[in-house]
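A.B. asks: Let me begin by handing over the structure; questions about it come next.
The values are calculated or read from the model by the stated rules, or taken from the named source; none is laboratory data. Values in this document were obtained by computation on a predicted structure and should not be read as measured data. All Cβ positions, glycine included, derive from the backbone under ideal geometry; neighbour counts span all protein chains shown. The area values use the complete protein model at the heavy-atom level, side chains included, leaving out ligands, DNA and RNA. Shrake-Rupley method; radii C 1.70, N 1.55, O 1.52, S 1.80 Å.
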Amino acid sequence: ASARDEAPTDDPGHRPETSDTWLQLYSSGTTGHPKGVLITYGNLAAFLAAGVGTNQFFADSVSMVALPIFHIGGTGWAMQALANGLPIVVMRDLVPAQALRLVERYRVTHTLWVPTMIQMMLDCDESADVSSMRFIMYGASPITDALLISAIQRFGKIFVG
């Protein structure tokens, strides 16, 4: 029997303190070596609360996580969707044509892309139906006016930076 099968099934009832560590991610090391960054349950709660009015999720929303889960962008975006009870389409690697086909197949409504990813989507020849998209958050680096205008022409006035 596996350890999973031998484990008790009752809820131990543990409730973490806001100062308890929820997750440890690593910085990019821009000022030296990468460092472990401890994210507490309090940090998570504040982050989730901040997204309540911003992300415009509805009961029928479907979220795409195309950023790496080892980074706060991917993990944070996934947690926002999970906290709202949404289905998530998770990509292992960003392949633009595949991402656009997944938007069409699963009727994705929300995602978080960095400007480089937006440019990759625009450069892609895939003709997928992206009309389900209602909200694209972008960040992590500046976006040029030209890129944002082109993105709006392709996806609509659904960008939040």
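A.B. asks: If I ask for residues that are more than 17 Å from Phe47 (Cβ to Cβ), part of a helix (DSSP H, G or I) and open to solvent by 30 Å² or more (accessible area, probe 1.4 Å), which ones from region 78-101 would you list?
C.D. replies: Gln98, Arg101
A.B. asks: For residues in region 34-77 being outside any helix (DSSP H, G or I) and small (Gly, Ala, Ser), which is farthest from Val130 (Cα to Cα)?
C.D. replies: Among residues in region 34-77 that are outside any helix (DSSP H, G or I) and small (Gly, Ala, Ser), the one farthest from Val130 (Cα to Cα) is Gly36.
A.B. asks: Six or more apart or on different chains, Cβ under 6 Å: which pairs go from a residue in region 103-125 that's at positive phi to one that's open to solvent by less than 80 Å² (accessible area, probe 1.4 Å) and assigned to a loop (DSSP other than H, G, I, E, B)? Could you list them?
C.D. replies: Arg107/Val62; Arg107/Ser132
A.B. asks: Within region 8-66, can you find the residues that are among the aromatic types (Phe, Trp, Tyr) and out of contact with any Asp or Glu (no Cβ under 6 Å at 6 or more places or on another chain)?
C.D. replies: Of everything in region 8-66, those that are among the aromatic types (Phe, Trp, Tyr) and out of contact with any Asp or Glu (no Cβ under 6 Å at 6 or more places or on another chain) turn out to be Trp22, Tyr26, Phe47, Phe57, Phe58.
A.B. asks: Taking region 111-153 as the search range and keeping residues that are of a type in the set (A, V, I, L, M) and in a loop (DSSP other than H, G, I, E, B), which one is most open to solvent (accessible area, probe 1.4 Å)?
C.D. replies: Among residues in region 111-153 that are of a type in the set (A, V, I, L, M) and in a loop (DSSP other than H, G, I, E, B), the one most open to solvent (accessible area, probe 1.4 Å) is Ala140.
A.B. asks: Can I ask one more? In region 40-57, is there at least one residue being touching a helix residue (DSSP H, G or I) at 6+ places or on another chain (Cβ under 9 Å), within 17 Å of Gly156 (Cα to Cα) and open to solvent by less than 80 Å² (accessible area, probe 1.4 Å)?
C.D. replies: Within region 40-57, one or more residues are touching a helix residue (DSSP H, G or I) at 6+ places or on another chain (Cβ under 9 Å), within 17 Å of Gly156 (Cα to Cα) and open to solvent by less than 80 Å² (accessible area, probe 1.4 Å).
A.B. asks: Right, here's the next one. Go through region 16-33 and count every residue that is surrounded by fewer than 12 Cβ atoms within 10 Å (Cβ to Cβ) and under 18 Å from Gly73 (Cβ atoms).
C.D. replies: 4
A.B. asks: Could you grab me the full set of residues in region 16-33 that are in a loop (DSSP other than H, G, I, E, B) and under 17 Å from Phe70 (Cα atoms)?
C.D. replies: Ser27, Ser28, Gly29, Thr30, His33
A.B. asks: Being over 28 Å from Pro68 (Cα atoms) and open to solvent by less than 50 Å² (accessible area, probe 1.4 Å): is that true of Gly13 here?
C.D. replies: yes
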